[in-house]
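Chemist: Dumping the structure here so I can ask a few things about it.
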Amino acid sequence: SAVISQKPSRDICQRGTSLTIQCQVDSQVTMMFWYRQQPGQSLTLIATANQGSEATYESGFVIDKFPISRPNLTFSTLTVSNMSPEDSSIYLCSVEGVPRNYGYTFGSGTRLTVV
Amino acid sequence: AQSVTQLDSHVSVSEGTPVLLRCNYSSSYSPSLFWYVQHPNKGLQLLLKYTSAATLVKGINGFEAEFKKSETSFHLTKPSAHMSDAAEYFCVVSDPSSGNTPLVFGKGTRLSVIA
């Protein structure tokens, strides 16, 4: 299965600022997924990122707040913009296994605290 | 639409006793089902997966799960709990035919193991 390097692993940020999270995969993948895990909660999909096209956002998430880049088949970034304390969460990237339904691989997560 | 219900938010067992984490799902005729484990301050790790092959699925660390279509269940079991099993467990369903959302997570079950 793929190996994902995600960074930063954690950060404490001031409200009103932005943080960019990076995920690097050791193999080429078509789709990358970004999730949010709020404190004590399960994972919620933010968006799906395909290389060469705009990301597809789930209900409740918008591009202005969570812009995503996907410059190539092994890399993606998620930016959390104009942060507020409500954005304090763990953010994770994920890729699909090969063959499909082998199982999804997740990055180790970015623990974000907004103060 | 697909959904997952983890029937217990918290399960506590004594070391050496059996573990049962319950999961019921709602999906199409042939979903894929997964169990993931998340240790404190760690990323998500795939325990096991069901993808329409054998209904009894064996995973890592002695865990297994049985797919029961008639009961729409996919409960996770382990014969003997170890202290290192203490973690958060997520039951996940994937149904690519139902739309863009690749994975739907249950709310999680926190497993505590008492010495």
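The values are calculated or read from the model by the stated rules, or taken from the named source; none is laboratory data. These figures come from a predicted structure and were not determined experimentally. Please note: Cβ atoms are built from the backbone with ideal geometry, for glycine as well, and neighbour counts cover all protein chains shown. Just the protein is used for accessible areas: all its heavy atoms, side chains included, with ligands, DNA and RNA removed. Shrake-Rupley method; radii C 1.70, N 1.55, O 1.52, S 1.80 Å.
Chemist: Just for the stretch B:28-43: of the residues that are facing chain A (nearest Cβ under 9 Å) and modelled with pLDDT of 90 or more, which one is farthest from residue A:109 (Cα to Cα)?
Modeler: My answer is B:34.
Chemist: Of all the residues that make up the stretch A:76-105, how many are open to solvent by 20 Å² or more (accessible area, probe 1.4 Å) and within 14 Å of chain B (Cβ to nearest Cβ)?
Modeler: Of the residues in that region, 8 qualify.
Chemist: Before we move on, is residue A:73 away from chain B (no Cβ under 12 Å), aliphatic (A, V, I, L, M) and open to solvent by less than 30 Å² (accessible area, probe 1.4 Å)?
Modeler: Considered against the rule, which asks whether it is away from chain B (no Cβ under 12 Å), aliphatic (A, V, I, L, M) and open to solvent by less than 30 Å² (accessible area, probe 1.4 Å), residue A:73 comes out as no.
Chemist: Would you pick out the residues in the stretch A:37-70 that are within 12 Å of chain B (Cβ to nearest Cβ), among the β-branched types (Val, Ile, Thr), open to solvent by 30 Å² or more (accessible area, probe 1.4 Å) and in contact (Cβ under 8 Å) with a residue 12 or more places away in the chain?
Modeler: Answer for the stretch A:37-70, where residues must be within 12 Å of chain B (Cβ to nearest Cβ), among the β-branched types (Val, Ile, Thr), open to solvent by 30 Å² or more (accessible area, probe 1.4 Å) and in contact (Cβ under 8 Å) with a residue 12 or more places away in the chain: just A:44.
Chemist: From the set of residues in the stretch B:46-63 that are surrounded by 17 or more Cβ atoms within 10 Å (Cβ to Cβ) and assigned to a strand (DSSP E or B), which is farthest from the other protein chains (Cβ to nearest Cβ)?
Modeler: B:57
Chemist: Would you call residue A:29 modelled with pLDDT under 95, over 26 Å from residue B:4 (Cα atoms) and open to solvent by less than 50 Å² (accessible area, probe 1.4 Å)?
Modeler: The answer is yes for residue A:29.
Chemist: Taking the stretch B:64-95 as the search range and keeping residues that are more than 14 Å from residue B:20 (Cα to Cα), of a type in the set (A, V, I, L, M) and assigned to a strand (DSSP E or B), which one is nearest to the other protein chains (Cβ to nearest Cβ)?
Modeler: Across the stretch B:64-95, the extreme among qualifying residues is B:92.
Chemist: Here are B:92, B:57: which of them is over 25 Å from residue A:37 (Cα atoms), hydrophobic (A, V, I, L, M, F, W, C) and in contact with a Leu (Cβ under 8 Å, 6 or more places away or on another chain)?
Modeler: B:57
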